[in-house]
Amino acid sequence: MLDFRPPLDSPLLIAMVKLLMPLYMKLGLNDTTISVSPEALERFTKLKGKKALICPNHSFRHDPQVMFAFSKLVDEDFNFIAAREVFDWDHGLNGWWLQHMGAYSVVRGAVDRESFKTTREILSTGRKKLVLFPEGEISRQNDTLLPLESGAAQMSFWALSDIKKANPNDTIHIIPMALKYTYPYDIGSNIRESIGRLESKLNLSPFAEEEGKLKLEIESASDSARFRVRRIAEKLLSVLEKEYKQKPKEDATMNQRVETLRRAILAKVAKQLDVELPAGNRELENVRILRNTLDDYIYQTDGGNSSEYEKQVREQTSANIKSCYKDLDRVVNFIAIYDGYVTEHMSQERYSHVLDRMEQEVFGGAPTLRGARLVLIDVGEPINLDDHLEVYKSKKKEAVAKVTDEIFSQISSMLHGLEAKRKPVFLK
């Protein structure tokens, strides 16, 4: 049995938090506001009171708070599904809040029967809409989307079968959503401070043109920042190559070195966990397999049947393998950041994405809030699962894959659309 944390919705607490939400967004989240177009709101409110699964992209750790603020805007209450480990943050206090705000846990990739049962019940009864982030990982960027897990579509089809038993004319929808974090004002001073902190920690001089193997033409503040960020990336890569005993070829590009490093880290973790990774898998799929193996072991309970000694041994093993989480975080950090990412279209947000990943590696902790943020939100066309039911009856995997692809396509398109409509701020 897995260590499940059920939802303990408290209507009074939810109402109170909604009342205080603007103050929290102002003071607790460094003046974060949300913006939703009338057309997007109309697409969402058409399904008010209807059974639905909401699937936003997962670009930042504050996505749940943003979705909670959105729930206030549309005058609905949502349930949320969250990774089991976040319920242990702040010595369990975070879990208490999450549960009473309507969230419940899932051990990713495991056969978490209690979580699956709860998801199926919430979706089939439709008392509240459910928010699930189908990427399964925080991407820490909102230009692109990580490959989606198929669980959102699969669990929705399971719920649809229960719905049809109660009412053959009823259905369930999946609502794709896009969240795009932007800095509408100049945050150049914060970016340069962040670069300076990283340089200091890595013993790099603030700026040394004579060290410029990269031979960039430095004609502006933006050129200087790009040079310094890439130099920090080179240093981090060299340190991690040494840590994981990798010696790159002399003519290897940065992208080739990063790819080799990612493979080496995955192989190390797989060996430590005694897991054989399938040949031909994408790296993120392998990250998920390994993280699921970790979660499954750490959050497995014995129902109180183990001796004190057995519990002690298990706790020691858990403590030893928890270091693998850091290894896997490194792989995820380097999956989305490639060499061109630190030179092309370097808006303030993109600098922030890169620096967030570097700061997490060097300093740990939460990403820096570099200034007031405006979160642009779009709502996709709801996907009616009735339209896919006949295919699902005979070809379940095909139907699940098709719906998952549609969610991915809609979110990606919305992210690109939100970017095209705004005027990005570039480093001065």
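The values are calculated or read from the model by the stated rules, or taken from the named source; none is laboratory data. As the structure is a prediction and not an experimental result, all values here were calculated from the model. Note: ideal-geometry Cβ built from the backbone for every residue, glycine included; neighbour counts use all protein chains shown.
At a glance:
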| read-out | value |
| --- | --- |
| Test: residue in segment 121-129 that is under 23 Å from Leu8 (Cα atoms), hydrophobic (A, V, I, L, M, F, W, C) and within 21 Å of the chain's Cα centre (by Cα) | no |
| Qualifying residue in segment 108-118 (condition: among the hydroxyl-bearing types (Ser, Thr, Tyr), modelled with pLDDT of 90 or more and either surrounded by fewer than 19 Cβ atoms within 10 Å (Cβ to Cβ) or within 19 Å of Pro176 (Cα to Cα) (or both)) | no |
| Leading residue by the ranking (surrounded by the fewest Cβ atoms within 10 Å (Cβ to Cβ)) among those in segment 1-52 that are closer than 26 Å to Asp162 by Cβ and of a type in the set (Val, Ile, Thr) | Thr45 |
| Number of the condition not met by Arg61 [criteria: (1) over 20 Å from the mean Cα position of the chain (by Cα); (2) surrounded by fewer than 16 Cβ atoms within 10 Å (Cβ to Cβ)] | (1) |
